[in-house]
Amino acid sequence: MGLDFKIKDFAYPGAILKLKREFERHQWLSQEILQEYQLKRLQIIIAHAYQNVPYYQTLFHKNGLVPGDIKTIKDLEKIPCLTKDLLRINYSSLIARNVKQYDPMELATSGTTGGQVKFLVDRVSNVLEFVYYWRSWGWAGYRLGDKFAELSAQVFTPYETRGKEFYRYQPLIRRLLLNSLQIAHRNADVYVNIFRKFKPLFLKGLPSNLYMLALVLNERKGHGICLRAVFSQGETLLRHQRELIERVFSCKVFDAYGHMERTVAISQCSEGNYHVHQDYGVTEFEPFSTNSGTGADEVLTEIVSTSLYNFSMPLIRYRTGDLAKIHLKPVACLCKRSFPIVASLEGRIADVVITPDQRAITALYVALDRTPGILLGQIVQDQIDQLVVRVACDAGDRLVVDLALIRNIKEFVGNKMKIEIIHESVEKIRGENFRKFKSVVSQVSSEKIFGSSIIIW
Ligand SMILES: [Zn+2]
């Protein structure tokens, strides 16, 4: 999931404004009315899936279900969950027969958190994304047209050519793209000067990117950068990261959770609570154990979610593989929004790779995501100039995968890093405790380069 402010998204101004008005209203409605809204949309999706999607036709028949059996949100539990493996195996039969009328776009999940899976979303769901971000950023005071900065590595790859640029400014959408591949102590003044020149009000990025930039800027006391809010998403935001980012940028961090499949959206309000956006999707939290322990007021769950907007390939009761702790008793928020609250989110965690020229590369798992044919991968830095990459591939040509993977990793780390690839099974890479799985692991002490707190992951 990503707010990309693509110009083509503005091709639906009427649809955007209509949905924005609805979404603004929804957040203040009672639970009863919100659930009515969810149920209405859910029943449309279920009826469509039953009529037009072969996978669901078979599934419903096998389980003796018809759309009329889904009379409440709770009835959704009658439908068996869809896992990422099932999605991969049943890709074709999950496509609606009338898919063309929804102008589908093919996207892919990450290959680092359970195996890469392709899926379709309706093109018009870009409107949903846009409106969701507009509303959740609005909780931090953002107004459309406010200048914001965004940390990005992808638009500045390959590093050896585009990576030398520090920023790009897009005046039309008032976005300042900052190159995260250049985060290094020697470049602190460059970043300070860019902030001084463009004066963005908000900053968006992955928690690891934001944290590394904060570590570098923290060395420049009196840098004077003062933002209204920082938006983090895409990885688990750790407490020490939040503390430093808030201190360095003199503002709050508003963290959010979502994924490419566009079935779930959770974001923080100004009170610091994580609200589930109920008009975006139906989100279930499935406990790992019914026995949460005596006296426990929180329980660890897996997020299972259903899109309310995707007709090309409806994902119903989709197991995200991501974890959240929820309160056993409902908690009300001082912000007065009725969207339910999640206690904490536990998704992807990855280490930072340090290059031989002492740049901090965060989110290197993107290189795995970009390489077709990888089912699961893990990048291990065992020396300052060496990465060992463990990959499980599909039935395709391994040599082709290896060459593409090396090229994709070098686009981030540069040409001085040695890269060794080892082919292993998905099970071996996952290990026994998959919940602790990290897609990027660093065995190199970065303490001397970026400060001591970097190694607490
Ligand atoms: Zn709130």
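Answer with yes or no whether Val253 is of a type in the set (Val, Ile, Thr), at pLDDT 95 or above and in the same structural domain as Arg123 (by TED's automatic domain parsing). It would help to see each step written out before you state the result.
Values: of a type in the set (Val, Ile, Thr): yes; at pLDDT 95 or above: yes; in the same structural domain as Arg123 (by TED's automatic domain parsing): no.
Here the answer is no, as Val253 does not meet what is asked.
Has the range 309-324 got at least one residue that is β-branched (Val, Ile, Thr) and within 16 Å of the ligand (Cβ to nearest atom)? Talk me through it step by step, then tell me what you get.
In the first step, residues of the range 309-324 are kept if they are β-branched (Val, Ile, Thr); the result is 316, 320.
The next check asks that each one be within 16 Å of the ligand (Cβ to nearest atom); those that pass are none.
Within the range 309-324, none of the residues are β-branched (Val, Ile, Thr) and within 16 Å of the ligand (Cβ to nearest atom).
Just one of the listed residues (Arg262, Arg239) is modelled with pLDDT under 95, surrounded by 24 or more Cβ atoms within 10 Å (Cβ to Cβ), more than 13 Å from the ligand (Cβ to nearest atom) and under 18 Å from Ala324 (Cα atoms), and it is Arg262.
It is to be established whether one or more residues within the range 345-358 are within 16 Å of the ligand (Cβ to nearest atom) and within 18 Å of the chain's Cα centre (by Cα). Within the range 345-358, one or more residues are within 16 Å of the ligand (Cβ to nearest atom) and within 18 Å of the chain's Cα centre (by Cα). All conditions but one from (1) more than 16 Å from the chain's Cα centre (by Cα); (2) modelled with pLDDT under 95; (3) under 28 Å from Asn126 (Cα atoms); (4) assigned to a strand (DSSP E or B) apply to Leu323; the one that does not is (1).
Looking at Leu59, Leu65, Leu87 in this structure, which one is in contact (Cβ under 8 Å) with a residue 60 or more places away in the chain and either more than 24 Å from Tyr280 (Cα to Cα) or in a helix (DSSP H, G or I) (or both)? So that I can check it myself, show each step before the final result.
Working: Leu59 fails: in contact (Cβ under 8 Å) with a residue 60 or more places away in the chain; Leu65 fails: in contact (Cβ under 8 Å) with a residue 60 or more places away in the chain.
Result of the check over Leu59, Leu65, Leu87: Leu87.
Residue under question is Gln268, and the condition is that it be within 15 Å of the ligand (Cβ to nearest atom), over 15 Å from the mean Cα position of the chain (by Cα) and crowded, with 22+ Cβ neighbours inside 10 Å; does it hold? Spell out the reasoning first.
Values: within 15 Å of the ligand (Cβ to nearest atom): yes; over 15 Å from the mean Cα position of the chain (by Cα): no; crowded, with 22+ Cβ neighbours inside 10 Å: yes.
No, not satisfied.
The values are calculated or read from the model by the stated rules, or taken from the named source; none is laboratory data. From a predicted model like this one, the values you see are computed outputs, not experimental measurements. All Cβ positions, glycine included, derive from the backbone under ideal geometry; neighbour counts span all protein chains shown.
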